[in-house]
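Enquirer: My questions all concern the structure below.
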Amino acid sequence: MDAMGQARSVVAQLNETLNAHDVAGGRRLYAADALLVTAQGRRLDLDGIDAMVSVTLRAFPDLRMTVQRWVEDGEVVVTEEVMEGTHRGEFAGMAPTGRRVNLPMVHVTRVVEGRIVERVAYHDTAGIVRQLTGDQPG
């Protein structure tokens, strides 16, 4: 498989692990020293990513990630995705609301030798809070 096909395959596997709520399975797809940057600009290590994913899955136990668009360039894959789920657990200090969330996001992921070495997230971090509180941007 060429670098482009391999990169897409690894990102597809990562999304499968997220949808299966398999945190350990997702972790195996990352290089030990991967550069992982959240939408808030924080750099996380693998334990940090595991913790973030675990908190998100507890808050949204029916979480589903759907890739809307793939852009591939060698070892880099850009995915336009939507995270959907029902707020059933504490999230960002907020008690469960039972509200559905639909959060568009973009991930830029670089894959080398079958492992994710870099992944940067982009999304409207306040958008999820607005959806949970019912506040609309004004």
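Computed from the coordinates by the stated procedures, all read-outs in this text should not be read as laboratory data. Bear in mind the structure is a predicted one, so any value in this text is a computation, not a measurement. Cβ coordinates were reconstructed from backbone atoms using ideal geometry, including for glycine residues, and neighbour counts include every protein chain displayed.
Enquirer: In nm, to one decimal, how far is the modelled label at ASP124 from the one at SER54, with both set 7 Å along Cα→Cβ?
Expert: 3.1
Enquirer: Can I ask one more? I'd like to compare 112-124, 64-76: which one has the highest average count of other Cβ atoms within 10 Å, and what's the full order after that? Could you put the intermediate results ahead of the total?
Expert: Values: 112-124: 16.5, 64-76: 13.5.
Highest mean packing first, the order is 112-124, 64-76.
Enquirer: Given H placed 1.01 Å from N in the peptide plane, which residues other than close sequence neighbours of ARG99 have an amide H under 5 Å from its amide H?
Expert: Result for ARG99 returns HIS87.
Enquirer: Now for a different question. Place a label point 7 angstrom from the Cα of ARG43 along the Cα-to-Cβ direction, then list the residues of the range 97-120 whose backbone nitrogen is under 13 Å away.
Expert: Residues 118-119 qualify, since their backbone N sits under 13 Å from the label point.
Enquirer: Something else: Could I have the simple spin-label model distance between ARG69 and ALA12, label points 7 Å from Cα toward Cβ, reported in nm to one decimal?
Expert: 2.0
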